[in-house]
Ligand code: RB5
């Protein structure tokens, strides 16, 4: 049985209900909710970077982001060095994103997926572990790309 995890989570206005559902579905984890807390429209990059930087600083192990599609959140989070954000709306992708790609942020689209499946996607992702060997080598190459473009 794995230890409970420290997780950061944020959403934009489209993801507020799903974010609340996810936090409630995993009461055994320690959630750091970085917003948004209202239904007023907000800009997803601001929320994505808040979670990404919290993961990067090592204050939490993993981050979860919810917007309309997951795409914008993942794009923004992936601009932060050390972040590997994956969009997953099925459990197979969620598992391999963690096992093969060591995704440390999961992005979900509240306009794409129902809450029941979203909970299972998150459950699968949290229960999966990055694999060593060839997958570790490939993930190291992701980091090397960041280094290549560092100013
Ligand atoms: C907001 O309308 C929407 O663009 C946002 O939630 C997200 O889907 C962006 O990727």
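Any chance the stretch 37-57 includes a residue that's assigned to a strand (DSSP E or B), touching a helix residue (DSSP H, G or I) at 6+ places or on another chain (Cβ under 9 Å) and either modelled with pLDDT under 95 or closer than 17 Å to residue 126 by Cβ (or both)? No, the stretch 37-57 has no match at all. Within the stretch 1-13, being within 19 Å of residue 109 (Cβ to Cβ) and either crowded, with 19+ Cβ neighbours inside 10 Å or more than 8 Å from the ligand (Cβ to nearest atom) (or both) holds for 7, 8, 9, 10, 11, 12. Counting only helices (runs of 4 or more DSSP H) that fall entirely inside the stretch 58-127 and contain at least 1 residues that are away from the ligand (no atom under 12 Å from the Cβ), the qualifying elements are 91-99, 115-127. Scanning the stretch 63-83 for residues that are touching a residue at least 40 places away in the same chain (Cβ under 8 Å), surrounded by 21 or more Cβ atoms within 10 Å (Cβ to Cβ) and touching a strand residue (DSSP E or B) at 6+ places or on another chain (Cβ under 6 Å) yields 63, 64, 65, 66, 70, 73. Of the residues contained in the stretch 136-145, none is found to be touching a helix residue (DSSP H, G or I) at 6+ places or on another chain (Cβ under 8 Å) and at pLDDT 95 or above.
Scanning the stretch 53-70 for residues that are more than 22 Å from residue 39 (Cα to Cα) and within 9 Å of the chain's Cα centre (by Cα) yields one hit, 62.
The values are calculated or read from the model by the stated rules, or taken from the named source; none is laboratory data. Predicted model, so just to flag it, every value in this text is computed and none were measured. Backbone-built Cβ (ideal geometry, glycine too); neighbour counts: all protein chains shown.
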